[in-house]
Amino acid sequence: MENSIILNPEKITADLYPKKFGKAGKIWTVILIAVCAIGLFAYIRQLNKGLVVTNMRDYVSWGIYISNFVFFVAISLVGSLITAIFRLANVEWSTPLTRIAEIIAVSAIVFASIIIIVDMGRPERFMNLFIYGRLQSPIIWDVVVISTYFFISLLLLYLPLMPDLKILNQDPSKNSRFLNHLYRIGGSFWKGTKEQLKINNKAVTTLCIIIIPVAFCIHTVTSWLFATTYRPGWDSTNFGAYFVSGAFLVGAGGVITAMYVFRKAYHLDKYITDLHFEKMGRIVVMLALLYLYFNVNEYLVPAFKMKKPEEEHLKELFTGSFAPMFWFAILVGMIIPIFILIFKRGRRPLPMFIAGVMIMVGAWFKRYLIVTPTLLHPFLPMHDVPESYKHYFPSWEEWAIAAGSLAGALLIMTFFVRIYPIIPIHETINEKNEMAEKK
Amino acid sequence: MNNQNTSRRDFLLTGLMAGLAAGCSDKKDPFTAAAEQETVASGEKVKLLSVDGEVVEVDKAFLKPVPETQHIFNKEARRGIPGKKFVMVIDLSRCKNLKKCQQACNHMHHLPSGFNWLKIYPMQEASHTAPYWQPTLCMHCDNPPCVKVCPVDATFKREDGLVLIDNDRCIGCRFCMAACPYNSRVFNWGDPELPADIAAQKYSPETSVPQKKGTVGKCDFCPDMTRRGMLPHCVSACPNGVYFFGDMNEDTVTNGSETFRFSDLIRDKAGYRLMDDLGTKPSVYYLPPVNRNFPFEEGVKMEEEMQAEKNKSSK
């Protein structure tokens, strides 16, 4: 932190000002757009022909669309962790991370909503949810809490952005015409008076309090989509807590990955410091241990009893055809990251980045393992159906759409950092001033 | 008892009135005044037995057959047939996996090949217990997990006990399929490829025809048949009398040739329900496979023959 003292407001503004894409940035954007376009093409095929283009069938009636949906909802929870929980707990070092967390939350929740519409057999009847919605269905609960969470997250992204918009509005010559337009629409009314700051602060604090229960709701309700059924592997009272803890882990993994990428791409070493990695590393270890704890509960307790319907399911996971993926998800998604991050040397940026990627990949496959194997172990034997109904491997359309949705979420984040400062300028300046005053 | 009689009489009267109304004219719409005038009494009378047991005379010109399928409005289809509580009993000792029930069901509901609302499972409780064939269809549960989770009321529970699907409303989320422990729901992943005249029909939850892309289908207990006082297709198609169908309020079930008191049958033959411990309260009861009419192996042979035939025809 020593080098931060010499930073003056002009230097900070210059460092954190949104920058044009470099060559790597352009290539990255083009790749993402291409992946999105392929996904869109696959979706148009699906719209024309129906869900028959997927390899989902009557037994595996939910496939990677739904596991991808769960993944998105999970990762979006990090917005509430970093922004709200840290803010309410007065964690001062989290300032540069709040906007990263919040944009991850917003883009993930947007694509969670999109992917759930993709999974619908009749997307054109989406409005039926509002016309005929029945409150007793967990899907309606999900619609309510996810839209609530989306708007609160959007506000938590926007309100702290207002003072920065003033900074961006100061010199129109620095920005393109389009961006000036955007900044003016968003923040021309922001004068930065004491009154405005006070209201803004109060609003953010209120939202931070509200978002915590809402965040717990979105993932608990998502877990209930499974836990409210009778099926072995889903019929669990552990599911809400299990999902929420897993969500915080994958979200934190997402944040450390993004921290590393933004720091590298925009040379933000003075703002996202080694100290931030060090602290986030400790948090990730704690979250991974917590998730591991819930996994032990989720798998070992039923395995101790081996009830008949559970037995088949668990054996498939532990030693059967899903075993490689299962142990991959456990090892790579939890245990290896714990071993990396438990050591001080592991909490440096690069190993942290690797651990973050491992957590996210492990988490994606973990969601797949929660959704699909259960459906392949129905109560009654699989019989009187075509042979293809008894297995599941996603079709290329499903892979393309899933990849497209992931690329889409990354694209939102990419455009966001191009347009807005990813590290809050105003708050960073304020903090440095306060620190200087203390000295 | 009195109550039951009235409702039954009401039911018959409504049927008669509908018949008369429909018989008023050759024109499509019998409700216009002009339509009524056009029917001229022929003077030739026929004797009919009324529901009250009286013999009445009606002019022959007013007699027209009741149309095969009356249109049931969605609201009525969602309410159900008043005073009824449908129930099915499946006698496992009589089943040899002949699959006639399945064929009839698929044929009458115009299901594409590979789609079975009615499945016949080879079951074996434990490694040393004897295997048996178990026909399984929608259980029409009284505590239906599928109805609970449906976000748009596309699948619903009627007062006569049936669980039906309104596939003009279904959004295709497939939550009901995940919720149903009996896997009795089938999804139209692609276009069902129906003959044009079938596909053009207006969908009714009571006929479940036509099936539509992106929506869920399942066994409906054939309410279009029971409205006409007939048995569901699977019941009448089974040559071995496996299926008994009836009304719980009348405490009677029949397979077409034999009729039993439902409560006696269930008590004497130790009837049970599938996965009753889940609390779904199914409307389908099973009689255990004791003193079987056919050995299990016959069904296996049947299955193999059908498979071979299918392979041949697909080649």
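Values quoted throughout were computed directly from the atomic coordinates according to the rules given, and no laboratory measurement underlies them. This one's a predicted model, so the numbers in the text were calculated from it and none came from an experiment. Here the Cβ positions follow ideal geometry from the backbone for every residue, glycine too, while neighbour counts run over all protein chains shown.
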Cut-off 14 Å between beta-carbons: net charge of the residues surrounding A:PRO309, Lys and Arg +1, Asp and Glu -1: -2
For A:ILE85, B:ILE120, order by how many other beta-carbon atoms lie within 10 Å, fewest first: A:ILE85, B:ILE120
Estimated dipole of chain B in Debye, rounded to 20 [Cβ of Lys and Arg +1, of Asp and Glu -1, Cα centre]: 680
Vicinal HN-Hα couplings computed from phi for the range A:422-437 (Karplus, 6.51 cos²θ - 1.76 cosθ + 1.60; Hz; Gly/Pro x): 6, 10, x, 6, 4, 5, 5, 4, 4, 5, 4, 4, 4, 5, 4, 4
Extent along principal axes [Cα atoms of the range A:287-439; Å; largest to smallest]: 74, 37, 22
Residue-wise HN-Hα coupling along the range A:299-312, computed from phi with Karplus coefficients 6.51, -1.76, 1.60 (Hz; x: Gly, Pro): 9, 6, 5, x, 5, 5, 7, 6, 4, 4, x, 6, 4, 4
Rg ratio (alpha-carbon, reference 2.2 N^0.38 Å) - the range A:374-415: 1.82
Positive minus negative residues near A:LYS19 (Lys, Arg vs Asp, Glu; Cβ under 12 Å): +2
Quarter of Cα convex hull surface for chain A, i.e. mean projection, nm²: 23.1
Chain A: angle of helix A:177-187 to the longest principal axis, Cα-based, in degrees nearest 10: 90
Other protein chain Cβ atoms within 10 Å, averaged over every residue that makes up B:163-173: 4
Long-range HN-HN contacts of B:SER204 with modeled amide H, under 5 Å: B:VAL209
Sequence ranges A:100-108, A:71-79, ranked by mean other-Cβ count within 10 angstrom, highest first: A:71-79, A:100-108
Surrounding net charge for A:THR54, when Lys and Arg each add one and Asp and Glu each subtract one, Cβ distance under 15 Å: +1
Least to most buried among B:PHE73, A:PHE262 (fewest other Cβ within 10 Å first): B:PHE73, A:PHE262
Sorted by Cβ neighbour density within 10 Å, fewest at the top, the residues B:PHE187, A:PHE415, A:PHE343: A:PHE343, A:PHE415, B:PHE187
Amide H contacts of B:ASP168 (H built 1.01 Å from N, under 5 Å, at least 5 apart or other chain): none
Distance violations [Cα-Cα > 20 Å] among B:LYS84/B:LYS281; B:LYS119/B:LYS218; A:LYS20/A:LYS432; A:LYS49/B:LYS202; A:LYS279/A:LYS344: A:LYS20/A:LYS432; A:LYS49/B:LYS202
Two-decimal log10 I(q)/I(0) for the range B:159-315, as the Debye equation yields it once each C-alpha is a single scatterer, q = 0.11, 0.17, 0.20 Å⁻¹: -0.62, -1.32, -1.40
Size of electric dipole in the protein assembly as shown: Cβ of Lys, Arg +1 and of Asp, Glu -1, about Cα centre, debye, nearest 20: 2740
Cα pair distances exceeding 48 angstrom across the protein assembly as shown, given as percent: 33
Table column - 3J(HN,Hα) (Hz), the range A:71-82, Karplus curve with 6.51, -1.76, 1.60, x for Gly and Pro: 4, 5, 4, 4, 5, 6, 5, 5, x, 6, 5, 6
Under 5 Å, built H, 5+ apart or other chain: amide partners of B:LEU118: none
Largest-first principal axis extents, alpha carbons of the range B:183-222, Å: 29, 23, 11
Protection-proxy order for peptides A:376-386, A:348-358, each taking the mean of Cβ atoms within 10 Å per residue, highest first: A:348-358, A:376-386
Leading residue at positive end of dipole, chain A (Cβ point charges), from A:GLN46, A:TYR149, A:ALA323: A:TYR149
Scattering curve values for the range A:80-172, log₁₀ I(q)/I(0), Debye with Cα scatterers, q = 0.20, 0.24 Å⁻¹: -0.99, -1.21
Shielding by partners - mean other protein chain Cβ count within 10 Å, residues of A:372-383: 4
Contact order relative to length of chain A, as percent, for alpha carbon pairs under 8 angstrom and 6 or more apart: 33
If the convex hull is drawn through the Cα atoms of chain B, its volume per residue in Å³: 180
Ellipticity estimate at 222 nm from DSSP helix runs (n ≥ 4, -39,500 (n - 2.57)) divided over the protein assembly as shown, nearest 500: -17000 deg cm²/dmol
Whole-Å semi-axes of the range A:355-439's equivalent ellipsoid (Cα gyration tensor): 49, 17, 9
Largest-first ellipsoid semi-axes for the range A:100-233, taking √(5λ) over the Cα gyration tensor eigenvalues, angstrom: 37, 18, 13
